[in-house]
Each structure stands twice: as C-alpha cells, then as structure tokens.
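Before any comments, here is the structure.
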Amino acid sequence: MKTVIITGASSGIGKALCQCYAENGYFVFGSVRNNKDAKNIDEILGENGQAIIFDVTKKDQIKKAYKKIIQRTSSVDILINNAGIALPSPLEITSENNFCDHFSINVMGVLNCVQIFLPLLKNSLSSSKPPLIVNISSGGGKRGSPFLGAYCMSKHALEGFSKVLRQEMILYGIEVCVIAP
C-alpha cells in the first residue's frame with residue numbers, strides 16, 4: 001500500500017488531502033498538534049490512516065513521529081508539507097514574534113520535516129513511481145499582498161527552498177513540486 005505523510009491535517013487543505021488520499025488507496029499519516037484534532041483525523045481516515053501528533057517547529061516531536069511511522073512502514077511515497085500560518089497584519093505594526101512565527105512554521109517547519117522524513121522517501125525508490133515531496137505554497141509566494149507581508153515573504157522563501165531542494169533531490173530520484181492555491 002502506498003503511504004503519504006501530510007502535515008497540517010487538522011483543517012482546510014490538509015484535512016481534505018487526508019480524506020482524498022485515504023479514499024484513493026493510500027495509508028495516510030496526518031499530522032496534527034493536539035489530541036482533539038488527532039481523534040477527528042483518525043475518524044476520517046479509519047483503517048486507511050493514522051493521526052500523528054507533532055508540531056513542525058519541534059524537531060524532537062517530529063523525531064518521535066518518525067519512530068511511530070517506522071513501526072508501521074519503512075518507506076513513504078509522498079511527503080506533503082502543508083502546515084502553515086497566515087496572520088494578517090500591516091508590516092508597520094507586525095511584531096517580531098508574529099514575523100518569526102511565519103518563517104518558523106512556513107519555512108523551517110518544511111526543512112525540519114524534509115530532513116527527518118527523507119530516509120523514508122529514499123526507501124521508496126524501488127516503487128514504480130518516484131517518491132515525491134509536495135510543498136504547499138500560495139499565490140503569495142509569487143507576489144506581495146498588503147497586510148500579508150510576513151506570510152508572503154515566508155512563501156517566497158518556500159518557493160526558493162523548493163527550487164533548490166528539487167535540484168538536490170534529483171541525485172536520489174525524488175521529485176519536488178510546489179502547489180500554490
């Protein structure tokens with residue numbers, strides 16, 4: 001059975017992706033940050049998946065999730081980096097914490113997940129389709145929008161990150177793509 005890890009699965013795009021992949025024959029590991037959301041995702045996934053609790057900004061939590069995942073499988077076909085935030089605020093009054101949170105979650109969180117889950121993707125190289133890393137960006141990754149400065153800047157960074165990662169992953173036969181809804 002093909003396997004996918006989807007971060008930011010508690011709502012929106014992440015939750016919908018979990019349901020879609022589970023309905024299409026994948027075993028889904030959906031990441032959430034609390035027990036309430038985990039219960040909800042477990043109900044949606046049924047036997048076709050499992051909620052995994054971790055915060056993308058906390059490497060120790062991601063490493064614990066990795067250990068839980070390898071109890072079930074030694075390889076992952078797709079990693080979807082969907083977790084993210086968008087907190088509107090004019091740059092004039094955006095706090096340093098708000099600004100840093102955008103980069104910590106939207107950029108460093110992706111790096112953390114790629115670095116920790118990459119061995120599972122490399123173990124999937126023998127399948128008929130190459131392993132895939134999908135980074136969920138935004139139209140804000142291509143242009144700026146008033147009152148979304150920190151968000152747009154973090155998504156611009158994610159776009160650049162993805163371009164570099166795509167070139168580096170060619171060495172392993174792992175594909176990298178960006179989806180910008």
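Label sites at residue 42 and residue 170, each approximated as a point 7 angstrom past Cα along Cα to Cβ, lie 4.4 nm apart. Measuring with a 1.4 angstrom probe and ignoring ligands and nucleic acids, residue 153 comes out at about 80 Å² accessible. Name the shape class, rounded, prolate or oblate, that the alpha-carbon gyration tensor gives for the range 82-181, where a ≥ b ≥ c are the square roots of its eigenvalues, rounded holds for a/c under 1.5, and otherwise prolate holds if a/b is larger than b/c and oblate otherwise. Since a/c reaches 1.5 and a/b is larger than b/c, the shape of the range 82-181 is classed as prolate.
Centre-to-centre separation between the Cα atoms of the range 85-108 and those of the range 122-158: 17 Å. Computed over the range 18-91, the alpha-carbon pair-distance distribution with 10 angstrom bins reads 18, 49, 25, 7, 2, each value a whole percent.
So if I place +1 on the C-beta of Lys and Arg and -1 on the C-beta of Asp and Glu, and nothing else carries charge, what would the dipole magnitude of the range 54-158 be about its Cα centre? I want it in debye, nearest 20. Intermediate results must be reported in sequence, preceding the final value.
Values: 12 positive and 6 negative charges, 110 e Å.
Here the range 54-158 has a charge dipole of around 520 debye.
Residue 63: accessible area at probe 1.4 Å, nearest 10 Å²? Residue 63 has an accessible surface of roughly 110 Å² with all protein chains in place. Taking a straight Cα-Cα cut-off under 16 Å and skipping sequence neighbours fewer than 8 places away in the same chain, the aspartates and glutamates within cross-link reach of residue 122 are 77, 168, 175.
Calculated FRET efficiency, residue 115 and residue 13, Cβ-Cβ r, R0 25 Å, to nearest 0.05? Walk me through the numbers before you get to the answer.
Numbers: r = 23 Å, r/R0 = 0.91.
Given R0 = 25 Å and the Cβ-Cβ separation, E is 0.65.
Taking label positions 7 Å along the Cα-Cβ direction at both residue 129 and residue 71, the computed distance is 2.8 nm, reported to one decimal. In this structure, the amide hydrogen of residue 180, modeled 1.01 Å from its nitrogen in the peptide plane, lies closer than 5 angstrom to those of 137, counting only residues at least 5 positions away or on a different chain. Of the listed residues 102, 156, the order by accessible area with a 1.4 Å probe, largest first, is 156, 102. Placing 36, 59 in order of accessible area, with the largest value first and a 1.4 Å probe, yields 36, 59. Residue 3 contributes an accessible area of around 10 Å² to the protein surface, as traced by a 1.4 Å probe with all chains present. A 1.4 Å probe run over the protein chains yields, for the chain, 51 Å² of accessible area per residue, whole-number rounding. In vacuo Debye scattering of the chain, one point per C-alpha: log10 I(q)/I(0) at q = 0.10, 0.13, 0.14, 0.18 Å⁻¹? The calculated log intensity ratios at q = 0.10, 0.13, 0.14, 0.18 Å⁻¹ are -0.37, -0.63, -0.73, -1.17.
At a 1.4 Å probe radius, carbon and sulfur cover how many percent of the accessible area of the range 28-147?
Details: 3180 of 6330 Å².
The nonpolar share, carbon plus sulfur, comes to 50 percent.
For the set 15, 163, the ranking by accessible area, highest first and with no ligand, DNA or RNA atoms included, is 163, 15 under a 1.4 Å probe.
The values are calculated or read from the model by the stated rules, or taken from the named source; none is laboratory data. This is a predicted model, so every value here is computed, not measured. Using ideal geometry, Cβ is built from the backbone for each residue, glycine included, and neighbour counts are taken over all protein chains shown. Side chains included, ligands, DNA and RNA excluded: accessible areas come from the protein's heavy atoms. Shrake-Rupley method; radii C 1.70, N 1.55, O 1.52, S 1.80 Å.
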